[in-house]
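**Q** First the structure, then my questions, so here it is.
The values are calculated or read from the model by the stated rules, or taken from the named source; none is laboratory data. As the structure is a prediction and not an experimental result, all values here were calculated from the model. So basically every Cβ, Gly included, is an ideal-geometry build from the backbone, and we count neighbours across all protein chains shown.
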Amino acid sequence: MGLQLQSILAAVDMSPACAAVVARAALIAVRHGATLKLLDVSPLCEKAPAAQPVDLAGLGRQAAERFHVRVEVLEECAAGVAHIAHETGGHSLIVLHHERRVRLRSLWRGSLADQLLRICGSPLLIVKSAAVAQARYQRVLVAVDLTPAANDLVRIAGQLDDQSALQIFHAIRPLHSNPLRNAEVPQRVMGAYLVRRKLEAQGHLQHIAAAALKCQKRVQTVLCEGEPARHAAVQQSHAKADLVVVGKRRSSALSDVLCCGVAKRITAWCDADILVVPLDGA
């Protein structure tokens with residue numbers, strides 16, 4: 001899996017915050033020599049009409065003049081999530097604004113990002129800042145598990161911006177002591193098992209970092225014990241990362257509502273922009 005971007009789709013919700021979405025999408029498009037596409041997705045966001053409606057064509061002209069990027073303004077508004085997925089094609093990135101509140105009537109479906117991740121094979125960049133402070137992401141936190149997909153996530157993070165400093169993060173889920181205590185497992189056995197888990201995880205992280213160093217100048221690893229999403233948010237704040245990269249496997253709407261996976265919690269709790277990478281085939 002790699003990041004081969006032919007176009008960047010900015011999903012514009014026609015709110016004042018969409019200027020940051022277009023700016024970030026344009027900066028990435030310039031870096032990758034991609035076309036910037038602008039699509040009005042406001043009919044899918046269930047937001048109150050803005051006092052001063054955003055001029056999509058005007059945003060496109062401003063982006064073209066400011067960033068010297070090829071811009072294509074899509075005339076039709078998004079008729080549905082499938083419409084957005086169709087516009088992305090095979091090699092694209094979708095950039096959209098973070099929905100901080102999901103209305104009660106759309107709780108079952110989830111946010112627009114949740115719906116896109118169920119059907120779309122393209123990565124989603126969720127912009128949480130109100131304005132683009134820096135042209136590049138300076139520090140990127142990549143939250144990984146210990147599956148082969150971890151290498152793909154780190155590779156994509158490096159390809160998005162090869163000048164960023166990468167911090168590869170993994171949290172070991174704590175042992176559930178009650179079942180082990182009920183099974184009369186000695187404390188020394190539990191301790192030895194935990195030490196072995198940490199050593200194996202650290203070795204795996206070092207292997208991932210060694211591969212990343214072939215194309216990145218600055219790579220670190222961070223290992224901790226605890227709930228992954230919460231500790232990822234703490235680490236993002238501590239490291240002052242301005243982008244968090246996380247993978248997500250495809251799931252149903254019911255699973256999203258009942259389970260609220262790691263990627264969804266990281267998106268809610270971290271202050272930085274979030275790049276969510278689908279780990280299933282399109």
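**Q** Within segment 1-19, how many residues are surrounded by fewer than 20 Cβ atoms within 10 Å (Cβ to Cβ) and under 15 Å from R66 (Cβ atoms)?
**A** Of the residues in segment 1-19, 1 are surrounded by fewer than 20 Cβ atoms within 10 Å (Cβ to Cβ) and under 15 Å from R66 (Cβ atoms).
**Q** Please find, among Q159, Q167, the residue that is of a type in the set (S, T, N, Q), modelled with pLDDT of 80 or more, touching a strand residue (DSSP E or B) at 6+ places or on another chain (Cβ under 6 Å) and under 17 Å from G247 (Cα atoms). Can you show your working first?
**A** Numbers: Q159 fails: touching a strand residue (DSSP E or B) at 6+ places or on another chain (Cβ under 6 Å).
After applying the criteria, what remains is Q167.
**Q** Here is a follow-up. Among the strands (runs of 3 or more DSSP E) lying completely within segment 1-102, list those that include at least 3 residues that are of a type in the set (A, V, I, L, M, F, W, C) and at pLDDT 85 or above. Let's see the steps before the verdict.
**A** Working: elements: 7-12, 35-40, 71-73, 92-97.
Correct list: 7-12, 35-40, 92-97.
**Q** Right, next: When you scan segment 199-213, do you find a residue that is over 22 Å from the mean Cα position of the chain (by Cα), of a type in the set (D, E, K, R) and surrounded by 13 or more Cβ atoms within 10 Å (Cβ to Cβ), even just one?
**A** No; the residues of segment 199-213 include none that is over 22 Å from the mean Cα position of the chain (by Cα), of a type in the set (D, E, K, R) and surrounded by 13 or more Cβ atoms within 10 Å (Cβ to Cβ).
**Q** Okay, moving on. Restricting attention to segment 1-22, which residues are of a type in the set (G, A, S) and under 17 Å from the mean Cα position of the chain (by Cα)?
**A** G2, A10, A11, A20
**Q** Provide a single number: the residues in segment 170-204 that are modelled with pLDDT under 90 and either more than 18 Å from C224 (Cβ to Cβ) or among the small types (G, A, S) (or both).
**A** So the answer is 16.
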